[in-house]
Every structure is written in C-alpha cells, then in structure tokens.
Amino acid sequence: MKVHHHYIGFDVHKKSISYCVKLADGTIVEEDKLPARAPILQAWAARRIVPWSGAMESTLFSAWIYDILKPYATELQMGHPEMMKAIAASKKKSDKLDARKIADLLRCNLLPTCYVAPPEIRELRRMLRYRNLVVRQSTQMKNRMSGLLMEVGAEYNKGRLHGEKYFWELLDRLDSVPESVKGLLQVSRGALEMFEATQRQLLDGLKRHPLLAERVERLRSIRGVGEVTALTWALEVADPQRFHSIAQAVSYCGLTSALDSSADKQKRGPLSKKRNPHLQTILIEAAKLAPRWNPQLAAVYEREVGAGNRNRATLEVARKLVSYLLAVDKSGKPFQAAPTAVAREVTPAA
C-alpha cells in the first residue's frame, strides 16, 4: 500500500495554532486547532505516522514552534511575511483559511521562504539585541538627567556629568534645586549604573562565547570594525554563504534605495524599509567613524564628500564595509588589502 506524503500548513498565533493537512493533489486530510503549548504540540507531532512537510509564516511566535516541530518533519519551512501577501489580501480571512493557503503554497512549491538561523545563534542574537536596547535606554537616561538640570537652571559640566565622582559632588552643591529634582537625579543615576553593568555583562558574555570568538576576531581585522559591529554582523547574518553577491548582502542590510521600474523607466526612492534594521543601524554608525582608522574607507568617504554629499558618503562607506565583512566572513581569513588598491584609493584623499 502506497503511503502518501502530507503537506501541513500552520497558522500560528500567541494562544492557538490552526493547521491543515493536505495531499499532493490538494485533498484535505485533516484540519483542526491546537493550543499554543509546547507539550501539546510535541505530542501531536509525535503521533503523526505519515511523513510530512510543514510550513508557517514567520512571526514573533514562530521560532519556538519551528524548533519543536522540526525534528518530526521531513522538511519544515518558514514563510517570508513580506512576500506572503496573498493571505492578507484575500476577501475571506480566517485562521482555517490561512492554514489551507499555506499548505497550498507548500505543496505547489510556491512558498516564499526565509532563512532560519540555528537556535544557538538566535539565543546569542537575542542577547545582543537586548544589550543594544539597554544602551539606547542608557542614552535616554543621560539625556533626561541633563534635561532635569536645565529645567531648574542648574550649572553643570556636561562632559563630566555622568562620572560618578563629579555627579555626587554636583548633587551636594545644588542648594537651590528642589528636593524632588535631587531625588529624580539619584534614581536616574541608579538606573544608569544598572544599565551600564547589564550591557557590560552581556557584551563580555558574547565576546567569550566559543562560537563567536574566532569569527569576531577575524572580522575585527578590518580596520575601523569594532567588537559591537563584528558581533552584530556575525549574529544577524549567521551564515554568510547564504548571500550569493555583495549586492544581495547590501540590500539585506538596508543600504540600497527602493526601485520602481516600469515601461523602461526607473525611479529610485529612499532607502528600502525591507531590511535588517539592527544591521542597518550599526553599519551606519560604524561608517561615520571607520574612515578615521581605515585609509581605504577614508578614500571612499573623501571622494563622495568632494562631490558635495556627506550623507551619500556615509552610505557608500557602509556599503564598502559590507563588502569587506562579507569577504572576510566567507573566506574565513583575516582582512588583507591589496597594495595596489590601497595606493589607488588613498591618493584622492591626500
């Protein structure tokens, strides 16, 4: 007796998972809804006898579901949310119908898939993103402390305000400042110290991780690339081999303009919103500082500034950084600039 292969579409939500099981010809074998709980989902997958392939849309809730189901599936795919517009555009929409459509996309080999990083990389990535969140909150707290002092007309040294010794000396000298402001400043100082300790702890843990240490060291061989930039690249990209070209990597990092092409006419818009925002932010920040230490990047920057566009200069430096990072990551070797290339690029900046 021939055993049919099943194609299962999952419509995942916070509290429930709707699924639809279909044969290759589109016949519905089974459809139901499960509570979004790990033991129930694992037991359901373990009971399945017929080999099956599955698919789901990438959402905030998809990763842990994917990890539980993957060992039981012949193949499990994650659908790209931006490209699965057919579901949202339907006139009739329900969890059951969405699961059916995902199953159809899977069995017809039309599912727009996206890359799923290994669980360990996702865990480290979560730590790094949390560290970056803490850094942003720390900056907001520093600005708020300055704002409190300006509101009451207090004189202070902005450059020294966040030094521990100066802060407590300043607090003792603020005689005419309301006690409520002093209290808020002390609370803010405590929160700031907590933020800084947390971000140092997270960063130190990431740097020492055996999965990252050697890779980050190679990426830092590029002059102007610091540990945070290298860590962000390694964890957000995960597998550099998935990029077949520099242009593809640059697009993923959000450093290309949106393109509208029709009837032999092309129109470029602002930077595309379809990107990895974490990489985009860190690369733009790195591009503003890297030319100070990297002659090749300095040449790129000066060439664009000479054309009268500083924003474009920063963008071009960020794109060049992506090409360097991708080359080092793919080759597994430290960065080495070709002498002829150095001479050619440094000359315009002289």
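The values are calculated or read from the model by the stated rules, or taken from the named source; none is laboratory data. Bear in mind that the values here come from a model prediction, so they are computed numbers and not experimental data. Every residue, glycine as well, gets a Cβ built from its backbone with ideal geometry; the counts of neighbours run over all protein chains shown.
Apart from one condition, residue 79 fits all of (1) more than 30 Å from residue 27 (Cα to Cα); (2) in contact (Cβ under 8 Å) with a residue 24 or more places away in the chain; (3) surrounded by 18 or more Cβ atoms within 10 Å (Cβ to Cβ); the exception is (1). Within segment 231-258, if we keep just the residues that are without any contact (Cβ under 8 Å) to a residue 40 or more places away in the chain and surrounded by 20 or more Cβ atoms within 10 Å (Cβ to Cβ), the residue that is nearest to residue 333 (Cα to Cα) turns out to be 252.
Counting only residues that are surrounded by 11 or more Cβ atoms within 10 Å (Cβ to Cβ), touching a helix residue (DSSP H, G or I) at 6+ places or on another chain (Cβ under 8 Å) and of a type outside the set (Val, Ile, Thr), segment 155-192 holds 15 of them.
Is one or more of the residues making up segment 198-218 more than 30 Å from residue 293 (Cβ to Cβ) and either assigned by TED's automatic domain parsing to the domain that holds residue 295 or at pLDDT 90 or above (or both)?
So in segment 198-218, the residues more than 30 Å from residue 293 (Cβ to Cβ) come out as none.
Checked segment 198-218: no residue is more than 30 Å from residue 293 (Cβ to Cβ) and either assigned by TED's automatic domain parsing to the domain that holds residue 295 or at pLDDT 90 or above (or both).
Residues being closer than 30 Å to residue 272 by Cα, at pLDDT 95 or above and either more than 32 Å from the chain's Cα centre (by Cα) or surrounded by 12 or more Cβ atoms within 10 Å (Cβ to Cβ) (or both) are entirely absent from segment 34-42.
Among the residues of segment 108-149, those that are hydroxyl-bearing (Ser, Thr, Tyr) and closer than 17 Å to residue 77 by Cβ comprise 113, 115. Of the helices (runs of 4 or more DSSP H) lying entirely inside segment 260-337, those carrying at least 1 residues that are at pLDDT below 90 are 295-306, 310-331.
Results for (1) acidic (Asp, Glu); (2) in contact with a Leu (Cβ under 7 Å, 6 or more places away or on another chain); (3) modelled with pLDDT under 90, shown as yes or no for each residue.
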| residue | (1), (2), (3) |
| --- | --- |
| 96 | no, no, no |
| 133 | no, no, no |
| 138 | no, yes, no |
| 146 | no, yes, no |
| 150 | no, no, no |
| 159 | no, no, yes |
